[in-house]
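Visitor: One structure follows; several queries about it will come next.
Each reported figure results from applying straightforward, stated rules to the coordinates on display, with no laboratory input. As the structure is a computational prediction, the values presented were derived from the model and not from experiment. Cβ: placed from backbone, ideal geometry, glycine included. Neighbour counts: every protein chain shown.
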Amino acid sequence: MKDDRSPEKNLALRSLPQVDECLQKFAGSDILRRLGKRRLTDIIREAISGTRRSLLAGETFADVPSEVEARVSDLARKSLTRGLRKVINATGVILHTNLGRAKLSDAAREAILSVAGPCTLEYDLNTGGRGVRAPLAESLLAELTNAEDAVVVNNCAAAAYLVLRVFAAGKEVIVSRGELIEIGGDFRVPEILAGSGAVMREVGTTNRTSIEDHEAAINSSTAMILRVHPSNYRVVGFTEQATLGDLAELAEKHGILLFEDLGSGALIDLAKFGVKDEPTVRDSVAAGVHLVSFSGDKLLGGPQAGIVVGRRELVEKLRKHPLYRVLRPDKLIGAALEATLLAYSRETAETDIPVLRMIAETADAVRERAESVVSEIREAYENAGFSVELRKGFSTTGGGTAPLEKLETWLIAITHPEHSPDAIAANLRAGEIPVISRIEDDAVCLDLRTVGNGSELIRALLDAISAKD
């Protein structure tokens, strides 16, 4: 069969390196160390095949082996970035869901390391026999919320599902139409209700649901009233909502449960820091709610966990249900949650827990730290043609909490006449420790409120300029 390819194309194809030859080029490299020989070999084969396809399609390269080597490096980098990596959150979103929500305290991280090996997960040192999982965390939760008991599962959706499954499967659950919310794109109240086996009974309207609406819906099939905190949205204007106290009285009157999915999990009043629309768990318990569920990794400031507090006999039913074993947390979550709650117990949470420190930090304090960073990077950035300035802006709590509240802050704004904000942001993400920024008013903006280590950010920003050069 006649070969219609040009001599130049055939020469280029013959210059494609062999797999072993290319593998030898990466001997002793960091890429080989991190990927291992098998994975790197697969990537080399992919790079050679891709280069061959490009050559057959008519592309030309000055040095084919170098092109293959460059493709191997690029594919390896992309492969390595698919895993979990540390990043610098400079977005100003304190509870950034895509970046892992709450930053853990030093004590919580130390606690995780301390139980990474054998630990007393279900072992009682006093008796030498089997113990109860997470006894300290649950007792602290009860103490801090003034509830009779508490139980911990692996996330807040699981907590809500467990309550609904145990107490309302096959029965009706009354919920206001204004609370049929979606959070984060994958948590929809109607779907959780349906999955648990409960029958949803909608009452009222999106903007107005009265206590009379709830009472009119109660019948012999009613198991509970569900109150859902709106989290990441608010209905404003012509609105009405039954109070928790009124709902508690109604539930007691008819012998049904009142369950609140509070979500955000604030254990202290944050109004003094400017977050004025987040009720505390203690408030809900005091109002007479039988069971309250909330997150461990939102305003509480701990690890991902779902928590239920309330009446002892009800919590005990949750703990004894077979589904609890499916949903219970592991030792790492338990250790981090204990350490976080201990900060509340000793009344040092506002200084010890990063989420609360970030919320409490003043705009002037953020500006002072931002000025320090700018003074270290300005010369390098301006020499490279960038403009670096401070601008007023706003931080947000994020994580589906306090959507109407904004915290005044100062931003480091970076621009370049020849590089788009998207390109600058992409370059910052490509570093050894990626810097995650936000784009605002045609500039890449960095908010120091959510950056704990300023020196680490400075190194990352200077490395980004060096890499670009």
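Visitor: In whole percent, what relative contact order does the range 7-80 give with Cα contacts below 8 Å and a gap of six or more residues? Before the final figure, lay out each step's value.
Guide: Details: 50 pairs, mean separation 31.3, N = 74.
In percent, rounded to a whole number, it is 42.
Visitor: Moving on. How high is the FRET efficiency from Arg85 to Leu332, r the C-beta distance, R0 22 Å, rounded to 0.05? The partial results should precede the final answer.
Guide: On the way: r = 18 Å, r/R0 = 0.84.
Working from the Cβ atoms, E equals 0.75.
Visitor: To continue, here is another question. Work out, step by step, the length gained on full extension between Cys119 and His321: first 0.36 nm times the residue separation, then minus their alpha carbon distance; give nm to one decimal. Walk me through the numbers before you get to the answer.
Guide: Values: separation 202, 0.36 × 202 = 72.72 nm, distance 2.51 nm.
Roughly 70.2 nm would be gained on extension.
Visitor: At R0 = 30 Å, how high is the FRET efficiency between Ser73 and Arg391 if r is their beta carbon distance? Nearest 0.05 is fine. Please list the in-between numbers first.
Guide: On the way: r = 37 Å, r/R0 = 1.23.
Calculated value: 0.25.
Visitor: Something else about it: Taking every DSSP beta bridge that has both residues in the chain, what percent is antiparallel when rounded to the nearest 5?
Guide: Looking only at bridges with both residues in the chain, the antiparallel portion is about 55 percent.
Visitor: Full-extension gain between Asp364 and Ala271, please, as 0.36 nm times their residue separation minus the C-alpha to C-alpha distance.
Guide: Numbers: separation 93, 0.36 × 93 = 33.48 nm, distance 1.89 nm.
Additional length available on full extension: 31.6 nm.
Visitor: Same structure again: How far is helix 135-145 tilted off the main Cα axis of the chain, in degrees rounded to 10, range 0 to 90?
Guide: Helix 135-145 sits at roughly 60 degrees to that axis.
Visitor: Compute the distance from the alpha-carbon center of the range 52-126 to that of the range 212-231, in whole Å.
Guide: 44 Å
Visitor: For Cα pairs less than 8 Å apart in space and 6+ apart in sequence, what is the mean separation divided by the residue count of the range 106-348, i.e. the relative contact order in percent?
Guide: On the way: 454 pairs, mean separation 67.4, N = 243.
For the range 106-348, the relative contact order is 28 percent.
Visitor: Something else: Roughly how big is the range 7-80's charge dipole about its Cα centre, with Cβ charges of +1 (Lys, Arg) and -1 (Asp, Glu), in debye to the nearest 20? All intermediate terms of the calculation are to be shown ahead of the outcome.
Guide: On the way: 14 positive and 11 negative charges, 76 e Å.
For the range 7-80, the charge dipole is close to 360 debye.
Visitor: Take the Cβ-Cβ distance between Glu252 and Glu440 as r, set R0 to 56 Å, and report the resulting FRET efficiency rounded to the nearest 0.05.
Guide: Working: r = 50 Å, r/R0 = 0.89.
E(calc), rounded to 0.05, equals 0.65.
Visitor: Still on this structure: Work out how much length Asp20 to Glu59 would gain on full extension: take 0.36 nm times their residue separation and subtract the Cα-Cα distance, in nm to one decimal.
Guide: Working: separation 39, 0.36 × 39 = 14.04 nm, distance 2.45 nm.
Value of the extension gain: 11.6 nm.
Visitor: What order do you get for His254, His290 when you list them from fewest to most C-beta neighbours inside 10 Å? Working shown, then result.
Guide: Details: His254 13, His290 23.
Ordered from fewest to most neighbouring Cβ atoms within 10 Å, His254, His290 come out as His254, His290.
Visitor: What number, in percent, do you get for the relative contact order of the chain if the mean sequence gap of Cα pairs under 8 Å and at least 6 apart is divided by its residue count?
Guide: Numbers: 820 pairs, mean separation 86.8, N = 469.
Reported as a whole number, the value is 19 percent.
Visitor: Which residues in the range 34-65 have a backbone N closer than 15 Å to a point placed 7 Å from the Cα of Leu11 along the Cα-to-Cβ line?
Guide: Under cut-off, by backbone N: 60-65.
Visitor: For Arg429 paired with Arg52, estimate the spin-label separation in nm (one decimal), with each label point 7 Å from Cα along the Cα-to-Cβ line.
Guide: Placing both labels 7 Å along Cα→Cβ, they lie 3.3 nm apart.
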